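Encoded as structure tokens, the structure appears first; notes follow it.
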Amino acid sequence: MKNIKYLLFPLLVSAVLLSCSSDDDSADIVVRDAQEVYDENLAEINSFLQTHFYNQEEFQNTPAGEDFNIVFDTIAGSNADCTPLSQQVTTRTLRRGDIDYTIYVLNVRQGLGDRQPTFADSTLVSYRGTLLNGSEFDNSNNSIWFNLPATIDGFAEGISGFNDATDIIPNPDGTISYRNGGIGAIFMPSGVAYFNRPPTFDIPEYAPLIFTFQLRRAKVTDHDGDGILSIYEDLNDDKDLNSPQSVDDTDRDGSPNYVDADDDNDGIPTRDENADPNGDGNPEDALDTDGDGIPDYLDNRTEI
């Protein structure tokens, strides 16, 4: 297994590097047009989905709730009558820059657990990452915790909405099994993956990617412990807690609100400004002392 820390590194890093290099005359870097790349990626992904299937029959014969590994194959020969992936996936959209990126999600098993992660939460998963040609660039059979805001956007969005496992079962050999967890696959264009800054030579520049996964556990997360769940610190609702131009960084101190215990930098911790009066992590009823429509825990912008 390669270093997952780098393989699911946030797209934000690529965006920073791109913006810096564009003003650096000494850097001989040519970055392709994002829309052109996306159009090519979309055509490649759709071609794959139309010509490939997954081992659905094997899944149907797997005992209910047991682990299952998704495998893709080409529709041809004895497999000519198999159902193409294009008839089984659903789509989701992420707007990044000026482009609405389509992500394709295959839901093999929804999962029966009580917890369902969002892009702002944490997940325990096993996974496999490949190119469209089937070349594997990373995998983890052992389950790993991911802080989803620190992964690539396509992965965080694709795994959102699945449910985690119902049971954790210790095995005699010291391993752990999970039952009834979500199982799926994500097909994503490079614009919500690594674009021209892949973290490993196994991933070409501008390559669309596939991740298959098994969701074990999900944790609704308050990253900075300020009493506000991180999902509610996405102030512009773009499913990106690290939005550029200080959109999700009220006090513009370089720390987005979801990792900033004093969101408005007024010296009073967010937790102490009546940010979550109901104790449910949702600040919708937070105190607004001066009635200006900005809750107290965010109301120090004029001093920035």
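The values are calculated or read from the model by the stated rules, or taken from the named source; none is laboratory data. Everything quoted here is computed from the prediction, not taken from an experiment. Every residue, glycine as well, gets a Cβ built from its backbone with ideal geometry; the counts of neighbours run over all protein chains shown. Each accessible area value is taken on the protein alone, full model and side chains, heavy atoms only, with ligands, DNA and RNA left out. Shrake-Rupley method; radii C 1.70, N 1.55, O 1.52, S 1.80 Å.
Tabulated data
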quantity	calculated
Per residue accessible area in Å² of the chain, where ligands, DNA and RNA are left out and the probe is 1.4 Å	49 Å²
For ASP164, net neighbour charge (Lys/Arg +1, Asp/Glu -1) across residues whose Cβ lies under 11 Å away	+2
Heavy-atom accessible surface of the chain: percent carbon and sulfur, 1.4 Å	47 percent
The chain: relative contact order as a whole-number percent, Cα under 8 Å and 6+ apart	17 percent
Length gained when the stretch LEU42-GLN87 is fully extended (0.36 nm per residue, less Cα-Cα span)	14.6 nm
Pair THR289, ASN79: separation of 7 Å Cα→Cβ label points (nm)	6.5 nm
Estimated distance in nm for a label pair at THR175 and GLU57, the labels positioned 7 Å out from Cα along Cα-to-Cβ	2.6 nm
Ratio of the Cα radius of gyration of the range 31-176 to 2.2 N^0.38 Å, where N counts its residues	1.16
R0 of 30 Å, Cβ-Cβ distance VAL259-PHE201: FRET efficiency to nearest 0.05	0.45
Cβ-derived FRET efficiency at R0 41 Å, ASP98 paired with ASN282, nearest 0.05	0.85
Candidates per GluC sites (Glu not before Pro) in the range 57-131, loop by DSSP, up to 14 other Cβ within 10 Å	GLU66
Equivalent ellipsoid, the range 65-137 (semi-axes from 5 times Cα gyration tensor eigenvalues, Å)	25, 20, 14
Descending semi-axes in Å of the range 46-101, equivalent ellipsoid built from Cα gyration tensor	27, 18, 8
Residues of the range 158-179 with amide N under 20 Å of a point placed 7 Å along Cα→Cβ from ASP67	163-179
Segment THR166-ASP33, length gained on full extension (0.36 nm per residue, minus Cα span)	43.4 nm
Interatomic Cα distance distribution for the range 220-304, bins of 5 angstrom, percent	3, 17, 27, 29, 18, 5, 0
Sequence-separation-based contact order of the range 45-134, relative, with Cα cut under 8 Å and 6+ spacing, percent	23 percent
Probe 1.4 Å - accessible area at ASP33, Å² to nearest ten	90 Å²
Kirkwood hydrodynamic radius of the chain, from inverse mean 1/r over distinct Cα pairs, in Å	21.0 Å
The chain: angle of helix 11-21 to the longest principal axis, Cα-based, in degrees nearest 10	70 degrees
